[in-house]
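Peer 1: One structure is given below, represented as structure tokens, and several questions about it will come after.
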Amino acid sequence: GSNVYDRFRGRLIFPIQDAHGSIIGFGGRAITDDNNPKYLNSPETSLYQKSQVLFGINLAKQAIRKEGFAILVEGYLDQIRATQYGILNSVATCGTALTAKQARILRSYASSVVMIFDSDNAGRKAAEKGFEVLQEKGLQVKIVFLPEGQDPDSYIHENGAEKFLEKIKTAKPYLESYIDRVIAREKGNSPSEMVNMANQVVPMLRKVQNLVERNSLIEYFSSEAKVDDVSFLKELKRSFSKNQLRAEALEVKTDS
């Protein structure tokens, strides 16, 4: 008896193509829920390195150029469903974390990316990592969180392309959405809550090199969090000229 084991048994198989359309590997998606992991790729070869390829890029690259942005989804089926419904500028990461190399590929076709992630905790963590990688390569990043338990595949299937594109159109800049979440968690604006929020927001805003953009995000944060304490705002802005957030100074200022 030979011990041949089919790596992809019980899986749907997707050919993975490079930007020129050559097939360089295969991806398999589990058909049943008990088959883990959900996504499984070919073993890496010199030709196929999953960190260096985006699923669907060969078909999407022209549309990404034309639209000026890429739609980034997590799974093969999400990308295929979008394409099937005429949303051609979408690519998938195939169940792996986004890499700098993939961000560079996107940057060569567009200046901005709309990420579509699950609204569960894992999805939010993946979104944060994805944002950092894309931001570092100079891409503008927006985010869409789908309703709990939905992915682009199911959402488009149930609601159609129009509704999905509406979500894309109204996508929020990633950092605004991040700030919204921080504020929603704190639910108050006592001095200690303000400092708490600032400590979560400032490190993220540090990643924004563009001063105009950063200042407008500081404005966004202060108006959404209803910060009307002038000395706090001054201190908040000053914390960027220094290299660390002076939370202790923030606390002293706001208590007086």
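The values are calculated or read from the model by the stated rules, or taken from the named source; none is laboratory data. The model shown is predicted, which means the values in this text are computed figures rather than measured ones. Here Cβ is always computed from backbone atoms with ideal geometry, including for glycine, and neighbour counts include all displayed protein chains. Accessible surface is based on the protein model in full, side chains and every heavy atom, while ligands, DNA and RNA are left aside. Shrake-Rupley method; radii C 1.70, N 1.55, O 1.52, S 1.80 Å.
Peer 1: Would you check which residues across the stretch 217-226 are assigned to a helix (DSSP H, G or I) and either modelled with pLDDT under 90 or open to solvent by 30 Å² or more (accessible area, probe 1.4 Å) (or both) and list them?
Peer 2: E219, Y220, S223, E224
Peer 1: What number of residues in the stretch 37-50 are under 28 Å from P173 (Cα atoms) and open to solvent by less than 40 Å² (accessible area, probe 1.4 Å)? If you could, list the steps in order and put the result at the bottom.
Peer 2: Of all residues in the stretch 37-50, those under 28 Å from P173 (Cα atoms) come to 50.
Next cut, open to solvent by less than 40 Å² (accessible area, probe 1.4 Å) only: none.
Count: 0.
Peer 1: Taking helices (runs of 4 or more DSSP H) that do not extend beyond the stretch 119-191, which have at least 1 residues that are open to solvent by less than 30 Å² (accessible area, probe 1.4 Å) and within 27 Å of L233 (Cα to Cα)? Even if it seems obvious, please write down each step before you answer.
Peer 2: Numbers: elements: 121-136, 152-169, 174-186.
The helices (runs of 4 or more DSSP H) meeting that bar are 121-136, 174-186.
Peer 1: While we're on this one: Consider only pairs whose beta carbons are under 8 Å apart and that are at least six residues apart or on different chains; among these, list those whose first residue lies in the stretch 212-233 and is of a type outside the set (S, T, Y) and whose second residue is open to solvent by 40 Å² or more (accessible area, probe 1.4 Å) and assigned to a loop (DSSP other than H, G, I, E, B).
Peer 2: A225/N189; K226/N189; V227/N189
Peer 1: Any idea how many residues of the stretch 106-132 are β-branched (V, I, T) and within 19 Å of L217 (Cβ to Cβ)? Step through it out loud before you land on a result.
Peer 2: Taking the stretch 106-132 first, the residues β-branched (V, I, T) are 113-114, 116.
Subset that is within 19 Å of L217 (Cβ to Cβ): 113-114.
The total comes to 2.
Peer 1: When the stretch 19-33 is examined, which residues are found to be open to solvent by 40 Å² or more (accessible area, probe 1.4 Å), assigned to a strand (DSSP E or B) and either touching a residue at least 40 places away in the same chain (Cβ under 8 Å) or more than 19 Å from L54 (Cβ to Cβ) (or both)?
Peer 2: Quick first cut of the stretch 19-33, residues open to solvent by 40 Å² or more (accessible area, probe 1.4 Å) only: 20, 22-23, 26, 29, 31-33.
Remaining after also requiring assigned to a strand (DSSP E or B): 23, 26, 29.
Across the stretch 19-33, the qualifying residue is only R29.
Peer 1: Scan the stretch 96-116 and give yes if some residue there is closer than 18 Å to G149 by Cα and at pLDDT below 90, otherwise no. Please lay out each step first, then the result.
Peer 2: Initial filter on the stretch 96-116 (closer than 18 Å to G149 by Cα): 115-116.
Retained after the next criterion (residues that are at pLDDT below 90): none.
The answer is no; no qualifying residue exists.
Peer 1: Also, quick follow-up: Kindly establish whether V53 is open to solvent by less than 30 Å² (accessible area, probe 1.4 Å) and under 24 Å from F164 (Cβ atoms).
Peer 2: Working: open to solvent by less than 30 Å² (accessible area, probe 1.4 Å): yes; under 24 Å from F164 (Cβ atoms): no.
In short, no.
Peer 1: Report, by residue number, each residue of the stretch 192-216 that is within 23 Å of G123 (Cα to Cα), open to solvent by less than 30 Å² (accessible area, probe 1.4 Å) and part of a helix (DSSP H, G or I).
Peer 2: Those that are within 23 Å of G123 (Cα to Cα), open to solvent by less than 30 Å² (accessible area, probe 1.4 Å) and part of a helix (DSSP H, G or I): M197, V201, V202, M204, L205.
Peer 1: Name the pairs: first residue in the stretch 37-54 and over 16 Å from S22 (Cα atoms), second residue among the polar types (S, T, N, Q) and buried (at least 22 other Cβ atoms within 10 Å of the Cβ), Cβ to Cβ under 8 Å, at least 6 apart or on different chains?
Peer 2: Between residues of the stretch 37-54 that are over 16 Å from S22 (Cα atoms) and residues that are among the polar types (S, T, N, Q) and buried (at least 22 other Cβ atoms within 10 Å of the Cβ), the close pairs are S51/Q102.
Peer 1: Then there's this: Please enumerate the residues belonging to the stretch 95-109 that are open to solvent by 10 Å² or more (accessible area, probe 1.4 Å) and either of a type in the set (V, I, T) or touching a residue at least 40 places away in the same chain (Cβ under 8 Å) (or both). Show your work before the answer.
Peer 2: If we filter the stretch 95-109 for residues that are open to solvent by 10 Å² or more (accessible area, probe 1.4 Å), which is where we start, we get 95-101, 104-105, 107-109.
If the condition is that a residue be open to solvent by 10 Å² or more (accessible area, probe 1.4 Å) and either of a type in the set (V, I, T) or touching a residue at least 40 places away in the same chain (Cβ under 8 Å) (or both), then G95, T96, T99, K101, I105, Y109 are the ones that fit.
The rows are residues; the columns are (1) under 19 Å from D153 (Cβ atoms); (2) surrounded by 21 or more Cβ atoms within 10 Å (Cβ to Cβ); (3) modelled with pLDDT of 85 or more.
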{"site": "R7", "(1), (2), (3)": "no, no, no"}
{"site": "Q17", "(1), (2), (3)": "no, no, yes"}
{"site": "N35", "(1), (2), (3)": "yes, no, no"}
{"site": "I57", "(1), (2), (3)": "yes, yes, yes"}
{"site": "K61", "(1), (2), (3)": "no, yes, yes"}
{"site": "I71", "(1), (2), (3)": "yes, yes, yes"}
{"site": "G75", "(1), (2), (3)": "yes, yes, yes"}
{"site": "A92", "(1), (2), (3)": "yes, yes, yes"}
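Peer 1: Right, another one. Quickly run through the stretch 151-166 and pick out the residues that are closer than 20 Å to A122 by Cβ and either touching a residue at least 12 places away in the same chain (Cβ under 8 Å) or of a type in the set (F, W, Y) (or both).
Peer 2: Quick first cut of the stretch 151-166, residues closer than 20 Å to A122 by Cβ only: 151-155.
Residues satisfying the conditions are D151, P152, D153, Y155.
Peer 1: Next up: Go through the stretch 139-169 and give me each residue that's touching a strand residue (DSSP E or B) at 6+ places or on another chain (Cβ under 8 Å) and β-branched (V, I, T).
Peer 2: Selection gives V141, I143, V144, I168.
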